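Each reported figure results from applying straightforward, stated rules to the coordinates on display, with no laboratory input. Since the structure is predicted, the reported quantities are computational estimates derived from the model, not experimental observations. Neighbour counts are summed over all protein chains in view; Cβ atoms, including those assigned to glycine, are modelled from backbone coordinates with ideal geometry.
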């Protein structure tokens with residue numbers, strides 16, 4: 001049996017495809033994934049709501065018969081565009097390789113839009129990895145771990161375009177249920193016996209931060225404050 | 001009557017080998033392979049436990065836990081190599097089992113794997129364990145022999161202390177090993193791994209399913225009792241390095257999937 005076949009069976013076992021899995025996670029954590037498709041969906045809902053409030057029910061039915069196809073044609077065009085669809089990435093669909101470039105260098109090469117911990121002068125053991133889709137070679141995540149010799153913080157930061165949800169983050173997404181606002185950015189977080197975990201979305205990227213060997217959420221918040229511009 | 005008995009015995013002696021009763025099993029034919037072609041780990045579900053109180057009944061683990069290394073795309077079916085490298089990374093804290101590199105940070109905590117030294121060790125173990133030579137993955141014997149040969153080539157000796165399978169597991173020996181900073185290698189059939197995160201009076205237990213035979217490194221024993229509205233609930237886990245790329249601390253429940261367990265000691 002080919003790995004792809006097996007992967008297909010697994011998806012069938014879970015009774016959902018990539019988009020469905022992504023949608024299910026987004027439905028649970030809508031605030032984490034603030035992207036174009038979500039905004040379109042909210043817009044479509046507000047149009048429907050206005051009709052419900054201001055038009056008589058019969059008129060709504062008539063108008064809906066005209067408007068729904070229009071909404072599907074305009075709003076629906078986004079969902080048929082692969083660029084805006086959320087995509088759940090299973091382990092068999094991507095490969096991990098080490099990078100000789102740091103997250104800072106990657107950020108600079110892409111216009112400086114990616115946040116990073118600028119600890120390179122005071123840090124050690126910086127390791128950067130890149131996750132690429134096997135089919136398209138598209139980069140779906142950059143992972144960097146670095147140890148700060150001055151503060152004794154050891155972190156792992158994963159950065160993904162928000163439309164991609166990697167399987168390895170599902171557990172963190174499901175477990176980060178507490179929320180706090182830092183610099184007007186919503187942070188979802190949790191801790192386990194060993195580490196602290198935080199998730200933020202900023203400028204169409206989702207950041208998954210692990211503060212390793214430290215279950216102190218306050219320290220995690222300080223680091224997120226440092227990460228944000 | 002006596003002649004019939006003798007004839008029966010002679011017939012049995014003659015026929016048994018033909019039936020396979022006396023054949024010696026060979027690793028290549030009869031042993032299970034770990035990290036095989038259908039290997040994949042994936043998130044399956046999560047469970048919320050809301051409790052009024054919880055008490056950690058037992059929490060025994062090695063000093064600073066253990067590292068977790070996992071194979072990259074150049075080492076297909078390489079969970080044996082990753083588990084072996086994790087063992088060497090674990091003992092590198094105490095002796096130089098990964099040359100020219102330290103597996104620990106200045107504060108004594110384990111680092112994540114690096115791009116050069118751990119990768120070299122993993123590649124060497126991958127070859128030493130004859131990974132994918134006959135079938136995808138490695139056998140238990142391939143793993144144990146390969147790790148032993150490689151470690152001996154570094155000038156160290158390895159001792160494996162078999163502590164049982166699911167029905168015979170010697171928990172006393174295992175806990176004692178953890179207390180004495182010894183790692184335990186677990187050979188398992190497909191099964192779940194768990195992560196436990198805490199939020200106010202709720203624990204979330206998330207499940208990752210490992211779809212093929214796999215090798216884990218255990219380094220602790222954890223027993224927790226929840227007081228629920230419906231009574232109490234006690235969960236028992238082993239702290240494990242999953243030897244796959246998972247984002248959270250992982251636990252394993254000793255279930256029917258446990259094929260065998262060995263305390264690994266390197267000197």
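For chain B, how big is the tail of P(r) above 32 Å, as a whole percent of Cα pairs?
Beyond 32 Å sits 30 percent of the P(r) for chain B.
Compute the distance in nm between two label points, each set 7 Å from the Cα along the Cα-to-Cβ direction, one at residue B:55 and one at residue B:255.
Result for the modelled spin labels: 2.8 nm.
Would you list A:150, B:223 from fewest to most Cβ contacts within 10 Å?
In increasing order of surrounding Cβ atoms, one gets A:150, B:223.
Can you sort B:203, A:121, A:178, A:216 by how many other beta carbons sit within 10 Å, fewest first?
A:121, A:216, A:178, B:203
For chain B, what is the relative contact order in percent, using Cα pairs closer than 8 Å and at least 6 residues apart in sequence?
Reported relative contact order: 29 percent.
Could you work out the relative contact order of the stretch A:113-155? I mean the mean sequence separation of Cα pairs under 8 Å and 6+ apart, divided by the number of residues, in percent.
Worked out over the stretch A:113-155, it gives 36 percent.
Residue by residue through A:185-193, how many Cβ atoms from other chains fall within 10 Å of the Cβ on average?
Counting Cβ atoms of other protein chains within 10 Å of each residue's Cβ and averaging gives 4.
Between residue B:101 and residue A:137, how many nm apart are label points set 7 Å from Cα along the C-beta direction?
2.7 nm
Going by how many other beta carbons lie within 10 Å of each one, how would you line up B:94, B:219, fewest first?
B:94, B:219
First measure r as the distance between the Cβ atoms of residue A:219 and residue B:229, then evaluate 1/(1 + (r/R0)^6) with R0 = 41 Å and state the FRET efficiency to the nearest 0.05.
Once rounded, the FRET efficiency stands at 0.80.
Just checking the output field for B:244-254: average partner chain Cβ neighbours within 10 Å of each residue's Cβ?
5
Please give, to one decimal in nm, the separation of the simple spin-label points placed at residue A:151 and residue A:108, each 7 Å out from Cα toward the Cβ.
2.2 nm
Work out the mean other chain Cβ neighbour count within 10 Å for the residues of A:117-126 and drop it here as an integer.
Mean shielding by partner chains, rounded to a whole number: 1.
Before anything else, pin down the relative contact order of the stretch B:116-267: Cα pairs under 8 Å, at least 6 apart, normalised by residue count, whole percent.
About 27 percent, as a whole number.
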